[in-house]
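Just so it is clear, none of the values below were taken in a lab; they were calculated from the coordinates. Being a predicted model, the structure only gives us computed values, none of them experimental. As a convention, Cβ positions derive from the backbone with ideal geometry for all residues, glycine included, and neighbour counts pool all protein chains shown.
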Amino acid sequence: MHFEEYADIIPQILLFLFAIVVIIQLNQPLGAYEPAEETVDVTEVMETYWEPIETETVVETETETEETEETEITEEDFYDSLEMLAYCTMAEAGNQCEEGKRLVIDTILNRVDNEYFPDTVEAVIMQKDPAVQFTVAYNGTLYKYEPSEDIYTMIREEIKERTNDKVIYFTAGRYNPSGEPWQQVGDHYFSYIRKELQ
């Protein structure tokens, strides 16, 4: 036989050999699996004052789909959010009465809980689409004033039980046209979400 007679089957033989090599490689043991150590230390403060946002993680197997819930928030995330909320409250309402401060805190927390707004404190404060929501986040004053201890206390209390679980907007000098006017407290005009969106 001449080489030309084998020319048609050589590619098939090479493909077959390649497939065997791949199968052998895929069947090699991957080694022992060691689960990762738990790194999140949930403190008493978080257990008392913070209700972590729970997300569902879907794990698919060959035979069934299992749904598991796990807490995504870490202690560091919690304190970062607490600090940013405190600074934003100080920048927006540091010169307002206690009720005014609490309502600003509630506005941010209520947005986190509302489907029409981002679902973290940082994302709510930094939101700028369709428009900047908190001017202090972008005009350089967010971290200008150190929050007082009473603001941190108010935040913890509002996380545990809101003074007002409906306020979603506040502006100085007028009601926000995007919401349903509710009440003026100090220099701020607070509004609820529009009825058709409730």
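Computed over neighbours whose Cβ is under 13 Å from that of Ile125, the net charge equals -3, Lys and Arg +1, Asp and Glu -1.
On a full-extension model of 0.36 nm per residue, what is the gain between Glu75 and Gln183, subtracting their alpha-carbon distance, rounded to one decimal in nm?
Numbers: separation 108, 0.36 × 108 = 38.88 nm, distance 3.55 nm.
Between Glu75 and Gln183, full extension yields 35.3 nm more.
Cβ crowding within 10 Å ranks Glu146, Glu83 as Glu146, Glu83, fewest other Cβ atoms first.
Note on Lys144: lysines with a C-alpha under 30 Å away, same-chain residues under 8 apart excluded, are Lys101, Lys128, Lys160, Lys166.
How many percent of all Cα-Cα pairs in segment 129-181 sit more than 13 Å apart?
Of all Cα-Cα distances in segment 129-181, 73 percent exceed 13 Å.
With the convex hull of its Cα atoms as the shape, segment 75-197 has an orientation-averaged projected area of 7.3 nm². Length gained on full extension, Glu83 to Phe16, computed as 0.36 nm times the residue gap minus the Cα-Cα distance: 17.9 nm. Full extension of the chain segment joining Gln127 with Lys195 gains 22.2 nm, where the gain is 0.36 nm per residue of separation less the Cα-Cα distance.
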